[in-house]
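Undergrad: Quick one: the structure is below, questions incoming.
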Amino acid sequence: MPGPGSPAVPKAWWRPTAWKVLGTLLVSLAVAYAAFFVYTAVQGPPSASSDADGSTPCPDQVVSAIGAQGSGAKLLAAYRSGKFLVTLCRTAAGDTYYHGAVRGQPESPTTAITLPAEKEGSSWVAHNNNYAYRVGPGRLTVLKGGVEQYSDVLEPVG
């Protein structure tokens with residue numbers, strides 16, 4: 001500590017500069033992050049269908065689970081995670097359906113579910129009571145009451 005008559009200690013010149021550099025870096029990262037999500041929102045989740053025009057029929061078990069309006073449904077995408085197979089199909093009426101099934105298990109009411117899905121940002125989301133199944137981009141997330149129960153990378157199938 002300087003005593004009486006001692007010259008005052010100058011402020012560290014680098015402190016304001018460091019904060020400016022850090023602030024600029026954080027703003028740049030936020031802009032890059034936002035640009036990435038705008039890009040993925042425009043593209044949507046990657047499709048496993050090799051037909052760009054969406055002419056691949058929806059798998060029979062999904063059409064059957066959708067019911068009468070599933071007739072003529074087209075495959076939007078098919079994925080697999082570590083535990084689940086996920087299929088998104090669109091009906092002739094334009095409705096989108098999520099079909100999730102446990103991998104390696106015969107499909108039954110306890111191992112598979114088919115639900116209407118809606119586009120939310122860059123993801124497709126299906127709701128069942130207190131559960132939400134979110135597909136995309138490149139990830140399956142299952143929420144219960146808004147709390148994440150399962151999350152895994154999705155790999156395109158097909």
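Undergrad: What number of residues within the range 54-69 are at positive phi and either without any contact (Cβ under 8 Å) to a residue 12 or more places away in the chain or not in a loop (DSSP other than H, G, I, E, B) (or both)?
TA: 1
Undergrad: Return the residues of the range 149-158 that are assigned to a strand (DSSP E or B) and out of contact with any Ser or Thr (no Cβ under 6 Å at 6 or more places or on another chain); say none if nothing qualifies.
TA: Selection gives Gln149, Tyr150, Val153, Glu155, Pro156.
Undergrad: Then there is this: Anything in the range 102-124 that is within 24 Å of Gly54 (Cβ to Cβ) and touching a Ser or Thr at 6+ places or on another chain (Cβ under 6 Å)? List them, or say none.
TA: The answer is Ala117, Ser122.
Undergrad: Residues of the range 73-93 being closer than 14 Å to Val125 by Cα and among the hydroxyl-bearing types (Ser, Thr, Tyr), which ones?
TA: Hit for the range 73-93 is Thr87, nothing else.
Undergrad: For residues in the range 98-117 being touching a Phe, Trp or Tyr at 6+ places or on another chain (Cβ under 7 Å) and not β-branched (Val, Ile, Thr), which is surrounded by the fewest Cβ atoms within 10 Å (Cβ to Cβ)?
TA: Arg103
Undergrad: Sort through Lys119, Lys74 and tell me the only one that's more than 16 Å from the chain's Cα centre (by Cα) and basic (Lys, Arg).
TA: Checking each option against the conditions leaves just Lys74.
Quick note: the coordinates plus some simple rules give every number you see, no bench work behind them. Not measured: the values here are computed from a predicted model. Methodologically, a virtual Cβ is constructed for each residue, glycine included, from the backbone with ideal geometry; neighbour enumeration extends over all protein chains shown.
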